[in-house]
Amino acid sequence: MVIRVSGLTVTYNGSEPALRDVTLEFDRGEMVLLMGPNGAGKSTLIKAVLGVVRPISGKVEVLGSDPVKDRSVRRRMAYVPQARSLNTLAPLRVRDLVEMGARLLPDSTDPDGGLDGRIRQAVEAVGLADRIDRRISQLSGGQIARALMARALAQNPEIYLLDEPFESIDAASEAMILRALRSERDRGKVVVLAEHHITDFSLFDRVVLLNRTVIASGRPEEVLPHLPSAADGHRSDR
Ligand code: ADP
Ligand code: MG
(Lines give C-alpha, C1' and ligand atoms only; values in the text may rest on other atoms or scores of the structure.)
(Ligands and ions follow the chains in the order given, each with its own letter.)
Protein backbone atom coordinates (compact mmCIF):
# COMPACT_ATOMS: atom_id res chain seq x y z
CA MET A 1 0.00 0.00 0.00
CA VAL A 2 1.32 3.43 -0.91
CA ILE A 3 -0.90 5.34 1.53
CA ARG A 4 -2.28 3.81 4.69
CA VAL A 5 -4.57 5.85 6.94
CA SER A 6 -5.79 4.06 10.05
CA GLY A 7 -8.12 5.30 12.74
CA LEU A 8 -7.22 8.87 11.85
CA THR A 9 -8.75 11.59 14.02
CA VAL A 10 -7.86 15.26 13.53
CA THR A 11 -9.14 18.26 15.46
CA TYR A 12 -8.30 21.94 15.09
CA ASN A 13 -7.90 23.88 18.35
CA GLY A 14 -9.83 21.35 20.39
CA SER A 15 -13.03 21.82 18.40
CA GLU A 16 -15.18 19.00 17.07
CA PRO A 17 -13.10 16.54 15.02
CA ALA A 18 -12.62 17.52 11.37
CA LEU A 19 -11.95 13.81 10.79
CA ARG A 20 -13.04 10.98 13.04
CA ASP A 21 -11.63 7.45 12.93
CA VAL A 22 -10.87 7.44 9.21
CA THR A 23 -9.38 4.26 7.81
CA LEU A 24 -8.46 4.18 4.11
CA GLU A 25 -5.80 2.68 1.88
CA PHE A 26 -4.58 3.80 -1.52
CA ASP A 27 -2.59 1.50 -3.74
CA ARG A 28 -0.33 1.91 -6.78
CA GLY A 29 -2.19 2.55 -10.01
CA GLU A 30 -5.31 3.81 -8.30
CA MET A 31 -7.18 6.99 -9.20
CA VAL A 32 -9.54 7.92 -6.39
CA LEU A 33 -12.23 10.59 -6.21
CA LEU A 34 -12.67 11.99 -2.72
CA MET A 35 -16.14 13.46 -2.41
CA GLY A 36 -18.07 15.14 0.35
CA PRO A 37 -19.82 18.41 1.15
CA ASN A 38 -18.03 21.56 2.30
CA GLY A 39 -16.46 21.00 5.69
CA ALA A 40 -16.43 17.20 5.24
CA GLY A 41 -12.70 17.05 5.95
CA LYS A 42 -11.43 16.46 2.39
CA SER A 43 -8.69 19.09 2.65
CA THR A 44 -7.83 17.91 6.16
CA LEU A 45 -7.34 14.36 4.92
CA ILE A 46 -5.06 15.57 2.11
CA LYS A 47 -3.09 17.69 4.59
CA ALA A 48 -2.74 14.72 6.94
CA VAL A 49 -1.34 12.62 4.09
CA LEU A 50 1.06 15.47 3.23
CA GLY A 51 2.15 15.53 6.87
CA VAL A 52 1.19 19.16 7.44
CA VAL A 53 -1.53 18.42 9.99
CA ARG A 54 -0.94 16.01 12.85
CA PRO A 55 -3.37 13.34 13.92
CA ILE A 56 -4.57 13.46 17.52
CA SER A 57 -5.02 9.74 17.23
CA GLY A 58 -4.53 7.12 14.58
CA LYS A 59 -1.82 6.84 12.01
CA VAL A 60 -0.84 7.97 8.52
CA GLU A 61 1.77 6.03 6.60
CA VAL A 62 3.06 7.11 3.19
CA LEU A 63 5.48 4.83 1.34
CA GLY A 64 6.21 3.20 4.67
CA SER A 65 6.96 6.32 6.66
CA ASP A 66 5.28 8.96 8.77
CA PRO A 67 4.97 12.10 6.59
CA VAL A 68 5.04 14.37 9.67
CA LYS A 69 8.52 13.10 10.61
CA ASP A 70 10.01 12.06 7.28
CA ARG A 71 10.47 15.09 5.04
CA SER A 72 11.95 13.06 2.19
CA VAL A 73 8.63 11.33 1.68
CA ARG A 74 6.96 14.71 1.13
CA ARG A 75 9.01 15.23 -2.04
CA ARG A 76 7.47 12.10 -3.47
CA MET A 77 4.00 13.65 -3.23
CA ALA A 78 2.76 16.44 -5.49
CA TYR A 79 0.09 18.75 -4.15
CA VAL A 80 -2.19 20.59 -6.57
CA PRO A 81 -4.24 23.37 -4.96
CA GLN A 82 -7.08 25.42 -6.42
CA ALA A 83 -5.99 27.73 -9.22
CA ARG A 84 -7.25 30.76 -7.32
CA SER A 85 -4.98 29.96 -4.34
CA LEU A 86 -2.05 31.08 -6.47
CA ASN A 87 -1.21 34.74 -6.16
CA THR A 88 -1.43 35.72 -9.81
CA LEU A 89 0.17 39.09 -9.08
CA ALA A 90 3.49 37.36 -8.53
CA PRO A 91 5.72 38.07 -11.54
CA LEU A 92 6.12 34.36 -12.12
CA ARG A 93 6.24 32.76 -15.56
CA VAL A 94 4.83 29.33 -16.38
CA ARG A 95 8.36 28.01 -16.73
CA ASP A 96 9.33 29.25 -13.24
CA LEU A 97 6.33 27.58 -11.65
CA VAL A 98 6.98 24.27 -13.40
CA GLU A 99 10.68 24.48 -12.58
CA MET A 100 9.79 24.61 -8.87
CA GLY A 101 8.26 21.17 -9.25
CA ALA A 102 11.12 19.86 -11.35
CA ARG A 103 13.64 20.97 -8.72
CA LEU A 104 11.95 18.86 -6.08
CA LEU A 105 13.08 15.74 -7.92
CA PRO A 106 16.54 14.49 -6.96
CA ASP A 107 18.73 14.15 -10.10
CA SER A 108 19.42 10.51 -9.37
CA THR A 109 15.77 9.61 -9.80
CA ASP A 110 15.19 11.69 -12.92
CA PRO A 111 13.83 9.29 -15.54
CA ASP A 112 14.20 11.67 -18.48
CA GLY A 113 17.55 13.23 -17.64
CA GLY A 114 17.63 16.96 -17.24
CA LEU A 115 15.51 19.68 -15.83
CA ASP A 116 14.66 21.37 -19.14
CA GLY A 117 13.39 18.17 -20.71
CA ARG A 118 11.10 17.49 -17.80
CA ILE A 119 9.77 21.05 -17.77
CA ARG A 120 9.04 20.87 -21.50
CA GLN A 121 7.36 17.47 -21.24
CA ALA A 122 5.19 18.65 -18.37
CA VAL A 123 3.96 21.79 -20.13
CA GLU A 124 3.28 19.80 -23.30
CA ALA A 125 1.18 17.28 -21.37
CA VAL A 126 -1.20 20.07 -20.32
CA GLY A 127 -1.15 21.98 -23.61
CA LEU A 128 0.83 24.98 -22.38
CA ALA A 129 3.97 24.62 -24.51
CA ASP A 130 3.19 27.83 -26.40
CA ARG A 131 2.66 29.73 -23.14
CA ILE A 132 5.77 28.67 -21.26
CA ASP A 133 7.11 32.25 -21.13
CA ARG A 134 3.80 33.85 -20.17
CA ARG A 135 3.34 35.33 -16.74
CA ILE A 136 0.90 33.50 -14.50
CA SER A 137 -1.03 36.77 -14.14
CA GLN A 138 -1.75 36.65 -17.90
CA LEU A 139 -3.36 33.21 -17.78
CA SER A 140 -7.00 32.20 -17.43
CA GLY A 141 -8.13 30.13 -14.44
CA GLY A 142 -8.06 26.96 -16.51
CA GLN A 143 -4.55 27.71 -17.75
CA ILE A 144 -3.37 28.35 -14.18
CA ALA A 145 -4.86 25.01 -13.12
CA ARG A 146 -2.98 23.36 -16.00
CA ALA A 147 0.25 25.13 -15.04
CA LEU A 148 -0.16 23.82 -11.48
CA MET A 149 -0.69 20.34 -12.92
CA ALA A 150 2.48 20.75 -15.00
CA ARG A 151 4.39 21.68 -11.84
CA ALA A 152 3.18 18.42 -10.29
CA LEU A 153 4.10 16.35 -13.37
CA ALA A 154 7.61 17.86 -13.47
CA GLN A 155 8.16 16.60 -9.92
CA ASN A 156 7.62 13.00 -11.12
CA PRO A 157 5.99 12.09 -7.81
CA GLU A 158 4.64 8.73 -6.65
CA ILE A 159 1.49 10.38 -5.40
CA TYR A 160 -0.74 13.19 -6.71
CA LEU A 161 -2.99 14.95 -4.22
CA LEU A 162 -5.37 17.45 -5.79
CA ASP A 163 -7.64 19.65 -3.71
CA GLU A 164 -10.65 20.85 -5.73
CA PRO A 165 -8.54 21.58 -8.82
CA PHE A 166 -11.61 22.12 -11.02
CA GLU A 167 -13.18 24.92 -9.02
CA SER A 168 -14.33 27.46 -11.63
CA ILE A 169 -12.21 26.28 -14.55
CA ASP A 170 -13.22 25.51 -18.14
CA ALA A 171 -14.23 22.01 -19.24
CA ALA A 172 -11.35 21.68 -21.73
CA SER A 173 -8.77 22.37 -19.01
CA GLU A 174 -10.49 19.92 -16.68
CA ALA A 175 -10.41 17.24 -19.39
CA MET A 176 -6.73 17.88 -20.09
CA ILE A 177 -5.82 17.58 -16.40
CA LEU A 178 -7.85 14.39 -16.05
CA ARG A 179 -6.15 12.93 -19.10
CA ALA A 180 -2.70 13.69 -17.66
CA LEU A 181 -3.73 12.11 -14.35
CA ARG A 182 -5.08 9.00 -16.05
CA SER A 183 -1.81 8.44 -17.82
CA GLU A 184 0.12 8.89 -14.55
CA ARG A 185 -2.19 6.35 -12.92
CA ASP A 186 -1.45 3.97 -15.81
CA ARG A 187 2.24 4.34 -14.92
CA GLY A 188 1.46 3.09 -11.41
CA LYS A 189 1.09 6.43 -9.65
CA VAL A 190 -1.53 7.08 -6.98
CA VAL A 191 -4.01 9.88 -7.67
CA VAL A 192 -6.32 11.25 -4.97
CA LEU A 193 -8.58 14.06 -6.18
CA ALA A 194 -10.94 15.91 -3.86
CA GLU A 195 -13.93 17.50 -5.57
CA HIS A 196 -17.06 18.97 -4.12
CA HIS A 197 -18.73 18.96 -7.53
CA ILE A 198 -19.41 15.78 -9.40
CA THR A 199 -17.14 15.20 -12.35
CA ASP A 200 -17.06 12.14 -14.61
CA PHE A 201 -17.21 9.22 -12.16
CA SER A 202 -16.27 6.67 -14.79
CA LEU A 203 -12.69 7.98 -14.94
CA PHE A 204 -12.06 6.89 -11.36
CA ASP A 205 -11.21 3.45 -10.02
CA ARG A 206 -12.73 4.27 -6.68
CA VAL A 207 -14.91 6.89 -5.01
CA VAL A 208 -14.57 7.69 -1.32
CA LEU A 209 -17.46 9.53 0.22
CA LEU A 210 -16.35 11.47 3.26
CA ASN A 211 -18.30 13.43 5.81
CA ARG A 212 -15.93 13.73 8.81
CA THR A 213 -15.80 9.95 8.65
CA VAL A 214 -15.91 7.50 5.74
CA ILE A 215 -19.51 7.15 4.54
CA ALA A 216 -18.69 4.84 1.64
CA SER A 217 -15.69 3.66 -0.34
CA GLY A 218 -15.74 1.48 -3.43
CA ARG A 219 -16.16 1.37 -7.17
CA PRO A 220 -18.08 4.38 -8.50
CA GLU A 221 -21.26 2.35 -9.16
CA GLU A 222 -21.19 0.99 -5.59
CA VAL A 223 -20.79 4.39 -3.99
CA LEU A 224 -23.20 6.44 -6.09
CA PRO A 225 -26.33 5.22 -4.25
CA HIS A 226 -24.84 6.61 -1.00
CA LEU A 227 -24.59 10.15 -2.33
CA PRO A 228 -27.95 11.45 -1.01
CA SER A 229 -27.12 10.47 2.57
CA ALA A 230 -23.95 12.57 2.47
CA ALA A 231 -25.96 15.49 1.15
CA ASP A 232 -28.40 15.08 4.06
CA GLY A 233 -25.47 15.17 6.46
CA HIS A 234 -24.38 18.39 4.85
CA ARG A 235 -27.81 19.97 5.26
CA SER A 236 -28.10 19.02 8.94
CA ASP A 237 -24.63 20.55 9.53
CA ARG A 238 -25.91 23.94 8.58
P1 ADP B 1 -13.45 20.25 3.16
O2 ADP B 1 -12.13 20.35 2.50
O3 ADP B 1 -14.12 18.93 2.91
O4 ADP B 1 -14.36 21.39 2.86
P5 ADP B 1 -11.94 20.84 5.58
O6 ADP B 1 -10.96 19.75 5.77
O7 ADP B 1 -11.45 22.10 5.00
O8 ADP B 1 -13.20 20.28 4.75
O9 ADP B 1 -12.62 21.20 6.97
C10 ADP B 1 -13.12 20.24 7.87
C11 ADP B 1 -13.50 20.95 9.15
O12 ADP B 1 -12.35 21.44 9.79
C13 ADP B 1 -14.43 22.14 8.95
O14 ADP B 1 -15.33 22.18 10.02
C15 ADP B 1 -13.49 23.32 8.99
O16 ADP B 1 -14.15 24.46 9.47
C17 ADP B 1 -12.43 22.85 9.98
N18 ADP B 1 -11.12 23.45 9.68
C19 ADP B 1 -10.40 23.27 8.55
N20 ADP B 1 -9.22 23.91 8.61
C21 ADP B 1 -9.19 24.54 9.82
C22 ADP B 1 -8.23 25.37 10.49
N23 ADP B 1 -7.06 25.67 9.91
N24 ADP B 1 -8.55 25.81 11.73
C25 ADP B 1 -9.72 25.49 12.31
N26 ADP B 1 -10.65 24.71 11.75
C27 ADP B 1 -10.41 24.24 10.51
MG1 MG C 1 -11.44 21.68 1.09
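The values are calculated or read from the model by the stated rules, or taken from the named source; none is laboratory data. Just so it is clear, the model here is predicted, and its values are computed rather than measured. Please note that ligands, DNA and RNA were not included when accessible areas were found on the heavy atoms of the full protein model with its side chains. Shrake-Rupley method; radii C 1.70, N 1.55, O 1.52, S 1.80 Å.
Can you list, largest first and rounded to whole Å, the semi-axes you get for the chain by taking the square root of 5 times each eigenvalue of its Cα gyration tensor?
Output for the chain: semi-axes of 29, 20, 17 Å.
Return the calculated 222 nm mean residue ellipticity for the chain, to the nearest 500 deg cm²/dmol, obtained by summing -39500 (n - 2.57) across DSSP H runs with n ≥ 4 and dividing by the residue count.
-9500 deg cm²/dmol
Keeping every protein chain present and rolling a 1.4 Å probe, give me the accessible area per residue for the stretch 17-125 in Å².
Spelled out: the 1.4 Å probe surface of the stretch 17-125, per residue, equals 50 Å².
Pull up the DSSP beta bridges for the chain and report the antiparallel fraction as a percent, rounded to 5.
50 percent
List the residues, sorted by chain then number, that are 5 or more residues from S217 or on another chain and whose placed amide H is less than 5 Å from its amide H.
L209
With all protein chains present, how much of the accessible area of the chain (probe radius 1.4 Å) comes from carbon and sulfur, to the nearest whole percent?
It is 47 percent, rounded to a whole number.
Amide H to amide H under 5 Å from V22: which residues, 5+ apart in sequence or cross-chain, H placed 1.01 Å off N in plane?
Under 5 Å from the amide H of V22 lie the amide H atoms of G7, L8, T9, each far enough along the sequence or on another chain.
So, how do all the Cα-to-Cα distances of the stretch 98-197 break down into 5 Å bins, in percent, from 0 on up?
Distribution as computed: 2, 13, 24, 26, 20, 10, 3, 1 percent.
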